[in-house]
Each structure stands twice: as C-alpha cells, then as structure tokens.
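The values are calculated or read from the model by the stated rules, or taken from the named source; none is laboratory data. Bear in mind the structure is a predicted one, so any value in this text is a computation, not a measurement. In this analysis, Cβ positions are derived from the backbone assuming ideal geometry, glycine residues included, and neighbour counts consider all displayed protein chains. Heavy atoms of the whole protein, side chains included, go into the accessibility calculation; ligands, DNA and RNA do not. Shrake-Rupley method; radii C 1.70, N 1.55, O 1.52, S 1.80 Å.
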Amino acid sequence: MEIVYVYVKRRSEFGKQCNFSDRQAELNINILPNPELAEQFVERNPVDTGTQCSTSMSEHEANTERFEMETRGVNHVEGGWPKDVNPLELEQTIRFRKKVEKDENYINAIMQLGSIMEHCIKQNNAIDIYQEYFDDEDAMEVTEEAPSAKTINVFRDPQEIKRSATHLSWHPDGNRKLAVSYSCLNFQRAPEGMSHESYIWDLENPNKPETVLKPSSPLVTLEYNPKDSHVLLGGCYNGQLACWDTRKGSLVAELSTIEFSHRDPVYGTIWLQSKTGTECFSASTDGQVMWWDIRKMSEPTEVVILDIARKEQLENALGAISLEFESTLPTKFMVGTEQGIVISCNRKAKTSAEKIVCTFSGHHGPIYALQRNPFYPKNFLTVGDWTARIWSEDSRESSIMWTKYHMAYLTDGAWSPVRPAVFFTTKMDGTLDIWDFVFKQCDPALSLKVCDEALFCLRVQDNGCFIACGSQLGTTTLLEVSNGLCTLQRNEKNTASSIFERETRREKILEARHREMRLKEKGKVEGKDDDLREEEPTFNLEELVTKAEHEFFDIIYSELRKKETEAMKNKTKP
C-alpha cells in the first residue's frame, strides 16, 4: 500500500507524561468530633416510622398511533422491448425476434444457458426438493397443553344502523379474506334506511372492507366458488339468487328472475363439484330446493319440494333452514328444516317423490346447522334448540350422541376440518363452545365468551386454526385456537371411529328393544279389548248398582258404629 500523506505531531504537544508508583496509604487530614455539638443532640424515644411491604410501582399509559391501511395493486405489463418496437403489434415483435435470432451472440448465449438449464432440470427430475416424506403419518404426538383460544381481530359493520352477520365464507385460496353477509332476519322489523351492502374483509385490515357487495336485497347467505375465487354466490332476503365477479366491481353480475326464485329468504346455498364450476343449489323456508347454473339464471334447472308425505304439495312442504352436500357423495344431499327434521334426499331418483329417501327427527325447533363429519361422512352433526346432536345414517330413529341441554339457545355449529372428534357451537349468550368428545363428552373442552350479544354464525378455516364468529350487531370476531385443538392427535381417527360404531350399535340395540316393548304393549291392549268384548254381555247394570249401594251403606254404618263406641268410652272414663 502506498503512503500518500504522513501526519506529524511533536512530543511536547501530547501534554505532561503520567508517572504512576505503588506506595502505602497516607492520612492527609483528620477532623475530630465537636463535643459542643454532641450536647445539643436530643434523643427521640420512641420513634414512629411507617413502612410499606409492597414494592413501589408506577403506572404508565401509552396510546399507540393507529395507521389507516389500504390495499393497492400493481399491474405488470410486458417489457424488455426496444423503444421503437410496439409490443402490441404482432408484426413488429416477430420481425424483431427474427433479427435477434440471427445474431451470433444470441445463439452462443442460448447454447450456454441451455446446458445450465438441462443440468437443473435433470437435478429436479432426480430429486423432488418439495417432497413431503412424512405426509402419510397421521398420528401426531399428544399435546399436553390445555385447550385455549385468543382473539386475533375484530371486523365491525361500518354502517350506523347495525345488522346481524348472517353467514361467513372463507376465501378458497390462502384463506386471507373473509366474506360476510349482513341482514336483519326479524320479519317486517327492518329499520328504515338499513343498508343492503355486504363486505369482503382482508384479515390484516379490519379498519375498512376490501370489497363492497351491493345486492338488490339484503344477503342471508354468501359463498365463495371453490373453483374460481373471484366468483361469489349470495342468497337474498327476497328469495333471489345473486352472483358477483369481484373483477367486475361491486354490482351484481347475474341475478335470478324473481318469478322463478324462492318465495322466502334463501337460507342455504352450496356450490356443486361440477366440471364447469358454475352449478349450485339453494334452499329456502318456502319448502323448495332449486338447482342453478350461474351462466343462465333465468330459471332453475331442477326443483325438489320437501313434502315428506311425498305428495309434492308445496303447502305441505317443510321449510329449509340449512343445507349439506358432500362431494364424495354426489347424488345425496341433506336438508335441515324449521320443524326440527333432517331430510335425506337422492338427486338422481326418477320421480320427485322418490327423491326424499328418509328423515331424522330429534330437535324441538329449527335446525340451524347441518354438516357431515369430514372424516366419516356417514355421521353428521345437527344444531338446533338447546342441543347439538351427532347422527348415523344407520340409525334413523334417534341420534347416537348429543350434548346436554344448555340454558341458552344454540345458533350454529361446525366440525373441525383436521380433527374428527372436535366440533364447535355458538350460543345466544355470545359463547363459543369447543367440544372434544374423545377428551370429554359431558361438557365442552373449552367455553369462550366472545361478545355480549348473541352469536349467529360460525365458520372454521380449512387448517382448523382460525374460527370466525358473526354476532347479532354485525361484529365478526376472528379467533385462533391452540395447537392441541387444530393438530390431529395420536390414534384419534381410530378412537373416533370406534366411538361412532359403538354408539351406533347401542342405539340399534335400544331401538330393537323399544320395538319389542311396543309390540308387547300393543298385544296386551288388543287382548284386553277382546276380553272386555267377551265379558260385556254377562254384565247386569242393575245388579252392579245394587251391589255398589250395599257396599257404600255398609261402610257408612260401620263408621257410625265406631264413633258411637268411642263416645261411650269417653263418657265412662270420668
């Protein structure tokens, strides 16, 4: 290294040199006490002093600054072209490509890059770096932590006139968005000036909804299309079905004609697993289930009337409150009704009467939630009145498991998508109950007070870690549950399956026993009736009346004699 400049400083400019040495301690000054000051000293006896046992603490408050957030997008266009070439003109781009391909440097660069790419492709084909080696291992270590949940975010209805959050739907790609429908379900009690808007919320921005949906009537249900995350299906309060494409804006893209729509609010909408991804079906309290294709929503493609008498009379149909469709059972669907009956239907039946296969009755009021177990579709969950019940398709007369009767009305419920033994329920007192019947069957594993008002709807994220709850005042609360509630436990599938099978067998045995008892009672009643018919001609009404009179008077005379004897005894004693 070359020295460019040298800084020079004299020794005298550094100051005096310090010389340190080691020596014994010296006493430089000694001030003796003054006896005159000691005479002025006054002794204080006794002395009272106050002490505080707790540590001294100070209170500090800080108000963090709140930032307004908004979502912005960037549109990427094709680049890399020279200024004199318009990428939109096909002829210019082809001409420029041919000119570049004739260049020698282009060919050399392609040859060099080709060998590198070929090496990388061979590596990728040899070893899959994204392969999950232990993906098939279902059994996980049992977590010892107690079940818990915490609030992550709260999304409040921005309107001044508050409405109930009636339905929730998670975004199918990544679950980073949540669609919420808002409506007032009190018949003819909607306040004046109430907004019809529903919203799509970004989970990271609770201050402002990302997208506003503007229907002609308030939405009761709202569902994302699992095949196209830009398309949403909504069931309106006036019975119409509306379809949105978020790429086209907030207005309705497709709307069913009111003449061929439902006559009551649409309480259930579900997308079907079709090739086109445009088929869906809906249910309403008017007693009809309708199939639709959103490409032509002028009228439904098929209609089923929920008349369990199989007479296809709309006035006798049961009103539908909830719907269930499992993609693994494409011909079957289930309907929960206002009358507390679950109707199992077969879509591919030849006649409308044959489409109603069987019914399950056990609730005292409307069935607000109906869902099959994601691991065992033969078992399904229903929520209504004050209980939640688990059913098996093999046992139709009674549910195989049920919760205790709660003090508050139950409003919604759902299975955990990752644990077969866990389900969630919401109640009118604002409580979220998390049930784990492998851990505890009589009481919920965790009961959480979410808000002061009633909870109306519930939706669980696909990974089972996040739960969204909608309340009566339009507040949607996002909760995160502990790892133990969203992680598959060891042998949980086998345990849940054995519990379902055991309870199903028990119910079948009880059903058979009840049938035998009913047949015996029926036989006894019929036998008694025959005996009475045989004995009736031998009876003489006059003889029976005379006999009854004699018995009556004999009892009276005996009582009078007893009183006379007691009176005589009382006289002789004095």
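Of these, Leu37, Leu32, which one is open to solvent by 100 Å² or more (accessible area, probe 1.4 Å), part of a loop (DSSP other than H, G, I, E, B) and over 30 Å from Asn207 (Cβ atoms)? So that I can check it myself, show each step before the final result.
Details: Leu37 fails: part of a loop (DSSP other than H, G, I, E, B).
So the residue among Leu37, Leu32 that is open to solvent by 100 Å² or more (accessible area, probe 1.4 Å), part of a loop (DSSP other than H, G, I, E, B) and over 30 Å from Asn207 (Cβ atoms) is Leu32.
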Find all pairs meeting these conditions: Cβ atoms under 8 angstrom apart; at least six residues apart or on different chains; first residue within the range 388-399 and buried (at least 21 other Cβ atoms within 10 Å of the Cβ); second residue in a loop (DSSP other than H, G, I, E, B) and among the small types (Gly, Ala, Ser). Arg389/Gly362; Arg389/Ser399; Ile390/Ser399; Trp391/Gly362; Trp391/Ser399; Ser399/Gly362
Here are some conditions: (1) closer than 17 Å to Lys150 by Cβ; (2) without any contact (Cβ under 8 Å) to a residue 60 or more places away in the chain; (3) open to solvent by 60 Å² or more (accessible area, probe 1.4 Å); (4) not acidic (Asp, Glu). Thr431 meets all but one. Which one does it not meet? (3)
Could you tell me whether the range 65-72 includes any residue that is open to solvent by 100 Å² or more (accessible area, probe 1.4 Å), farther than 30 Å from Asp202 by Cβ, free of Cβ contacts under 8 Å to residues at least 24 places away in the same chain and not aliphatic (A, V, I, L, M)? no
Name, by its number, the condition in (1) surrounded by fewer than 21 Cβ atoms within 10 Å (Cβ to Cβ); (2) in contact (Cβ under 8 Å) with a residue 24 or more places away in the chain; (3) more than 19 Å from Ala421 (Cα to Cα) that does not hold for Tyr405. (2)
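Pick from Val47, Val85: which is at pLDDT 80 or above, open to solvent by less than 90 Å² (accessible area, probe 1.4 Å), among the β-branched types (Val, Ile, Thr) and in contact with a Ser or Thr (Cβ under 7 Å, 6 or more places away or on another chain)?
Working: Val47 fails: in contact with a Ser or Thr (Cβ under 7 Å, 6 or more places away or on another chain).
Selected residue: Val85, the only one of Val47, Val85 that is at pLDDT 80 or above, open to solvent by less than 90 Å² (accessible area, probe 1.4 Å), among the β-branched types (Val, Ile, Thr) and in contact with a Ser or Thr (Cβ under 7 Å, 6 or more places away or on another chain).
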Residues to consider are Leu541, Leu510; find the one that is modelled with pLDDT under 85 and among the hydrophobic types (A, V, I, L, M, F, W, C). Leu541
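Only one residue in Ala369, Ala408 is closer than 25 Å to His167 by Cα, part of a loop (DSSP other than H, G, I, E, B) and touching an Asp or Glu at 6+ places or on another chain (Cβ under 8 Å), so which one is that?
Numbers: Ala369 fails: part of a loop (DSSP other than H, G, I, E, B).
Step by step, each of Ala369, Ala408 is checked, and only Ala408 is closer than 25 Å to His167 by Cα, part of a loop (DSSP other than H, G, I, E, B) and touching an Asp or Glu at 6+ places or on another chain (Cβ under 8 Å).
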Scan of the range 292-315 for residues that are without any contact (Cβ under 8 Å) to a residue 24 or more places away in the chain and either open to solvent by less than 10 Å² (accessible area, probe 1.4 Å) or among the aromatic types (Phe, Trp, Tyr) (or both), ordered by number: none
Name the strands (runs of 3 or more DSSP E) wholly within the range 180-287 that hold at least 1 residues that are within 23 Å of Arg372 (Cα to Cα) and open to solvent by less than 50 Å² (accessible area, probe 1.4 Å)? 219-224, 231-236, 266-271, 279-284
How many residues does the range 269-298 contain that are modelled with pLDDT of 90 or more and of a type in the set (Gly, Ala, Ser)? 3
Test Glu549 against the stated conditions and say whether it is closer than 30 Å to Thr426 by Cβ, modelled with pLDDT of 80 or more and of a type in the set (D, E, K, R). no
